[in-house]
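Everything on this sheet refers to the single structure shown next.
The values are calculated or read from the model by the stated rules, or taken from the named source; none is laboratory data. These numbers were taken from a predicted model, which means no experiment stands behind them. Only protein heavy atoms, including side chains, enter the accessible area calculation; ligands, DNA and RNA are left aside. Shrake-Rupley method; radii C 1.70, N 1.55, O 1.52, S 1.80 Å.
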Amino acid sequence: AKWSVMGLLPILGEMSSWLEAIVDSAALTLVAAPLIYFWAVRPLDTELARQNQALQSLADSLRDSELMSRTVVESAPDAIITIDEQGTIESFNGAAERTFGYASAQVVGQSVEMLIPPESRELHDAGRRRYLATGLSEFIGRATGREVTGLRPDLTTIALEMHVGEMRVNGTRK
């Protein structure tokens, strides 16, 4: 049996309305797709690109600000130690390393009480608990420091002048 285009004509004739619908749909798609792109998609792409660029700029500024803050703290001539509400050491700058004789990696994550002589620990802990319960402190934000004693790893003590400040990060006191 030979196939010929002529044999298909009667079948195509019956399907002509169906074929016209397919051709019309294809033509509509070819015409509408570029219009949809230029009127709807392209403006969204442009806006997303603008917002992405603004977000990247913000991230760059935040990174630069954090680097500057870290540099200031790390190069400060005074010991700077940050702790959380539970008294866990979160940061320990270079001057603190030189003052106390511990490397930062040895103290971060540990209780600040490791830097306080045993005879002063209960007083420190009671003051911290009282402050957390009442919000009242005789030391936080004072213009003048308080003389305290620190403890080195070899168990020798050192006289220190302590200044205490508070900051909140995501609602948590530091």
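Please arrange M167, M114, M68 by accessible surface area, largest first, computed with a 1.4 Å probe and ligands excluded.
M68, M167, M114
Pick out which of T99, T157, T46 has the largest mean-square fluctuation in a Gaussian network model of the chain, springs linking Cα atoms closer than 10 Å.
T46
Run the helix sum for the chain: -39,500 (n - 2.57) per DSSP H stretch of 4+ residues, divided by residue count, reported at 222 nm to the nearest 500 deg cm²/dmol.
Estimated from H runs of four or more residues: -17500 deg cm²/dmol.
Amide H of I80 versus every other amide H placed in the peptide plane: which residues, excluding those fewer than 5 positions away on the same chain, fall under 5 Å?
The list, which skips near neighbours in sequence, is N93, A95, A96.
Of [x] 2.29; [y] 1.04; [z] 1.29, which one was derived for Cα Rg over 2.2 N^0.38 Å from the structure shown?
[x]
Against the longest alpha carbon principal axis of the chain, how many degrees, from 0 to 90 and to the nearest 10, is the axis of helix 42-75 turned?
It is inclined by approximately 20 degrees.
What accessible area, in Å² to the nearest ten, does a 1.4 Å probe give for T156?
That residue has around 60 Å² of solvent-accessible surface.
As a test question: what accessible area, to the nearest 10 Å², does H163 have when a 1.4 Å probe is rolled over all protein chains in place?
Spelled out: H163, probe radius 1.4 Å, area about 110 Å².
Skipping prolines and chain starts, which residues have an amide H placed within reach, meaning under 5 Å, of the one on V164, given they are 5 or more residues away or on another chain?
Here the answer is G141, R142, since their amide H atoms fall under 5 Å of that of V164.
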